[in-house]
Amino acid sequence: MKTSHFFANLARLKLIHRWPLMRTVTEENVQEHSYQVAIVSHILAVIKNKKFNGNIVPERAALVALYHDSSEVLTGDLPSPIKYFNEDIAKEYKKIESIAEKTLVNMLPTEFQEDFAPLIQHEKIDTEVAFLVKSADVICGYLKALEEISAGNHEFEKAKNNISKTLEKYRTPEVNYFMDVFVPSFSLSLDEISADL
């Protein structure tokens, strides 16, 4: 039986730091970020289904989100100002991500590759689920900016404004609901959050 390096590679996502060009009060790694995107994707799917007649399997959305940045274990986390500097760079980076995703899937024993390809390879992910997960990804960037600003890190103010503009592309009813109901708490202190207990 051949040894697979798939999960050993994914375990290294905790070593890849996000926001590499930003000074942060609290460091964030890709593994932590993926967990947060997974739980936000899950609730977005639940909101969509219960309040806006959606038909997304929440657990599927959470699972896709959990793996959404897995290719970064091979590529690293390229800062957004570089990744999206111009259209040509963005297209080429998408190609690099696609190669990394396929490389990861190919690390699995053959009989499991068809199970993981639709979770990892972006071109094989259902469009509606992919959009919802991307929405959650952007929301999580916004939440990180809020947390940093609340901790006194003004370096994230411009990032927050930029992410707010990006978030406008994902303003679905479920995203609006999440932003109205859950996001305000992220600017509060622990005492303020605990006051309602």
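The values are calculated or read from the model by the stated rules, or taken from the named source; none is laboratory data. Keep in mind that what you see is a predicted model, and the values were worked out from it rather than measured. We place every Cβ from the backbone using ideal geometry, glycine too, and count neighbours over all the protein chains shown. Just so you know, the surface numbers come from the protein's heavy atoms only, side chains and all, with ligands and any DNA or RNA stripped out. Shrake-Rupley method; radii C 1.70, N 1.55, O 1.52, S 1.80 Å.
See the values below:
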read-out: Residue list for segment 143-169, filter: in a helix (DSSP H, G or I) and either in contact with a Lys or Arg (Cβ under 7 Å, 6 or more places away or on another chain) or of a type in the set (A, V, I, L, M, F, W, C) (or both); value: Leu143, Ala145, Leu146, Ile149, Phe156, Ala159, Ile163, Leu167
read-out: Failed condition for Ala117, given (1) within 18 Å of the chain's Cα centre (by Cα); (2) modelled with pLDDT under 95; value: (2)
read-out: Sole exception among (1) exposed (fewer than 15 other Cβ atoms within 10 Å of the Cβ); (2) of a type outside the set (Asp, Glu); (3) closer than 29 Å to Asn176 by Cα for Ala11, by number; value: (3)
read-out: Residue check for Val105: under 19 Å from Ser34 (Cα atoms), more than 16 Å from the chain's Cα centre (by Cα) and surrounded by 19 or more Cβ atoms within 10 Å (Cβ to Cβ); value: yes
read-out: In segment 51-65, the residues that are not in a loop (DSSP other than H, G, I, E, B) and not acidic (Asp, Glu); value: Lys51, Pro58, Arg60, Ala61, Ala62, Leu63, Val64, Ala65
read-out: Residue selected from segment 122-133 under the condition surrounded by fewer than 18 Cβ atoms within 10 Å (Cβ to Cβ) and not basic (Lys, Arg), by the criterion nearest to Glu168 (Cα to Cα); value: Phe131
read-out: Pairs, first at positive phi in segment 13-24, second part of a loop (DSSP other than H, G, I, E, B), C-beta under 7 Å, six or more apart; value: Trp19/Glu28
read-out: Residue match in segment 15-27 (condition: in contact with a Leu (Cβ under 9 Å, 6 or more places away or on another chain), open to solvent by 40 Å² or more (accessible area, probe 1.4 Å), at pLDDT 95 or above and not small (Gly, Ala, Ser)); value: no
read-out: Check on Glu114, in contact (Cβ under 8 Å) with a residue 60 or more places away in the chain, of a type in the set (D, E, K, R) and either in contact with a strand residue (DSSP E or B) (Cβ under 9 Å, 6 or more places away or on another chain) or open to solvent by 70 Å² or more (accessible area, probe 1.4 Å) (or both); value: no
read-out: Helices (runs of 4 or more DSSP H) lying entirely in segment 66-108 (those with 2 or more residues that are at pLDDT 80 or above); value: 72-75, 87-106
read-out: Segment 147-183, residues that are hydrophobic (A, V, I, L, M, F, W, C), open to solvent by 50 Å² or more (accessible area, probe 1.4 Å) and farther than 24 Å from Thr26 by Cα; value: Val181
